[in-house]
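So that we are looking at the same thing, I have put the structure below in structure tokens.
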Amino acid sequence: MPLEVPNLLYCSVAGLIGFVWGLGEIVSAFKNETGRALGTAGAWLLILLNFVAAAGIFLLTAAVIPEANNWLTAIFIGFAWPTVIRNASFKLAQPLQADGGQEQAAIRFEQAYATFQGLARSLINNALTRQRIQLVTSATNYDLALLERYARLALIASPLHNADGLPADEFINAILARPSTEEIKKALLAAFIMANFGRDMLQDFIKERNKEQRRKPSQ
Amino acid sequence: MSAKTILDANELVELVRNLTPLQRQLLINIADRGPGLILEIAVRVLKFPEEVSTPLRDLQSKGLVATDKITGGQLGNELFALSEQGRQAVTLLRDDATRKQLENTTTRSAAVPTSPADPRQQEVELLRKLGDLAAQAGDLEKARTWYEQALETTRSMADPATKPASPNP
């Protein structure tokens with residue numbers, strides 16, 4: 001008797017639920033930079049793994065149990081993937097001795113998924129950090145005085161409260177008074193703006209400076 | 001498992017108690033703002049990199065913070081993030097009761113010692129907090145285990161026959 005071909009639509013339903021679950025993990029782990037995190041390869045690796053895993057488990061189930069080839073099973077597997085299936089273990093081989101060696105012969109999906117999750121998180125953090133570094137480095141191409149002015153304006157618009165240590169405006173003074181090169185002072189100011197007022201604030205600074213530079217030759 | 005985990009919980013509270021205010025601030029900041037390079041973490045707390053480097057390394061040696069190498073970093077190549085233990089430490093730091101306990105312990109350390117309290121009281125509080133953490137993480141089974149242990153300890157405290165002897169002669 002030929003095997004019934006699993007319905008791809010049902011398979012997509014299971015995969016879509018897994019997809020949403022993976023998306024939820026990214027949103028939860030990167031609350032501050034969700035949008036940017038979703039622009040990285042690591043995030044999509046994790047999301048697609050959840051999609052493929054849920055869809056694949058449905059395909060396997062429907063191929064083995066033809067009666068399971070329906071939308072209810074698809075929904076069940078979609079939700080079961082992160083809550084039940086990932087916590088299961090799969091025996092690789094039957095050990096010769098009935099002792100503790102059994103655990104070594106099993107793959108725990110949870111461990112495997114946790115490893116993959118760690119890899120995805122590492123890739124995402126790497127990508128986001130490189131983006132931030134690039135932004136700070138770009139900001140150091142502009143005058144120190146401009147960066148200082150921008151930082152002080154940002155502070156007026158959005159005062160920072162530091163219970164322990166220097167007040168924010170004195171911290172800017174301390175940066176300027178440091179016996180360091182101008183490049184280091186610029187990097188500190190740029191990092192200060194980005195860390196305390198958001199990445200968009202520093203990006204806006206760079207955009208405004210670029211606009212001014214484009215306007216200058218035409219004047 | 002329970003004896004080791006109780007010891008771990010006690011160790012964690014002791015660890016948090018011995019952290020400097022800057023280290024506590026760094027842990028909470030990393031929890032709120034996410035992982036960062038030394039430069040980023042420093043300016044978040046309005047300090048310079050050299051001022052936070054040693055406290056961060058100390059947190060790393062205590063297992064509260066973990067590092068990840070990044071490539072192409074002109075401003076540093078180590079990303080500091082909270083470890084699982086670090087996240088638990090932050091939860092303790094944010095708990096009002098724990099914070100007051102830590103503050104009281106700091107002020108009491110210079111005062112004349114009063115009569116010793118039942119050490120099992122601290123154990124009960126820790127077990128309760130572990131139960132809260134597990135429940136927040138969605139592990140209801142583990143949470144139930146912690147709460148049951150807290151209940152057993154509380155019951156043993158109510159029994160005068162099990163009251164610990166005073167260390168004072």
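The values are calculated or read from the model by the stated rules, or taken from the named source; none is laboratory data. These numbers were taken from a predicted model, which means no experiment stands behind them. Here Cβ is always computed from backbone atoms with ideal geometry, including for glycine, and neighbour counts include all displayed protein chains. Keep in mind that these areas ignore ligands, DNA and RNA; they rest on the heavy atoms of the full protein, side chains included. Shrake-Rupley method; radii C 1.70, N 1.55, O 1.52, S 1.80 Å.
Within the range B:74-81, is even one residue more than 10 Å from chain A (Cβ to nearest Cβ), within 16 Å of B:Arg24 (Cβ to Cβ) and touching a residue at least 12 places away in the same chain (Cβ under 8 Å)?
Yes, some residue in the range B:74-81 is more than 10 Å from chain A (Cβ to nearest Cβ), within 16 Å of B:Arg24 (Cβ to Cβ) and touching a residue at least 12 places away in the same chain (Cβ under 8 Å).
Okay, moving on. Restricting the search to the range A:62-91, which residues are open to solvent by 40 Å² or more (accessible area, probe 1.4 Å) and at pLDDT 85 or above?
Across the range A:62-91, the qualifying residues are A:Val64, A:Ile65, A:Pro66, A:Glu67, A:Asn70, A:Trp71, A:Leu72, A:Ile75, A:Phe76, A:Phe79.
So is B:Val90 buried (at least 16 other Cβ atoms within 10 Å of the Cβ) and in contact (Cβ under 8 Å) with a residue 24 or more places away in the chain or not?
Working: buried (at least 16 other Cβ atoms within 10 Å of the Cβ): yes; in contact (Cβ under 8 Å) with a residue 24 or more places away in the chain: yes.
Criteria met by B:Val90.
For the range B:110-135, how many residues meet the condition of being at pLDDT 75 or above and surrounded by fewer than 14 Cβ atoms within 10 Å (Cβ to Cβ)?
1
Still on this model: Filter the range B:40-72 for residues that are of a type in the set (Asp, Glu) and within 11 Å of another protein chain (Cβ to nearest Cβ); which is nearest to A:Lys186 (Cα to Cα)? Before the answer, list the steps.
First pass over the range B:40-72, keeping only residues of a type in the set (Asp, Glu): B:40, B:50-51, B:58, B:68.
Filter again for within 11 Å of another protein chain (Cβ to nearest Cβ), leaving B:40, B:50-51, B:68.
Working: B:Glu40: 13, B:Glu50: 17, B:Glu51: 18, B:Asp68: 26 Å.
Looking at residues that are of a type in the set (Asp, Glu) and within 11 Å of another protein chain (Cβ to nearest Cβ), I get B:Glu40.
A further question follows. Looking only at residues in the range A:173-202 that are more than 11 Å from A:Val136 (Cβ to Cβ) and under 25 Å from the mean Cα position of the chain (by Cα), which one is surrounded by the most Cβ atoms within 10 Å (Cβ to Cβ)?
Across the range A:173-202, the extreme among qualifying residues is A:Asn196.
On to the next question. Any idea which of (1) surrounded by fewer than 20 Cβ atoms within 10 Å (Cβ to Cβ); (2) at positive phi is the one B:Asp95 doesn't satisfy?
Against the list (1) surrounded by fewer than 20 Cβ atoms within 10 Å (Cβ to Cβ); (2) at positive phi, B:Asp95 comes up short only on (2).
Does A:Val20 satisfy the condition of being surrounded by fewer than 18 Cβ atoms within 10 Å (Cβ to Cβ) and β-branched (Val, Ile, Thr)?
On the way: surrounded by fewer than 18 Cβ atoms within 10 Å (Cβ to Cβ): yes; β-branched (Val, Ile, Thr): yes.
Here the answer is yes, as A:Val20 does meet what is asked.
Restricting the search to the range A:139-188, which residues are within 11 Å of another protein chain (Cβ to nearest Cβ), among the polar types (S, T, N, Q) and in contact (Cβ under 8 Å) with a residue 12 or more places away in the chain?
A:Thr140
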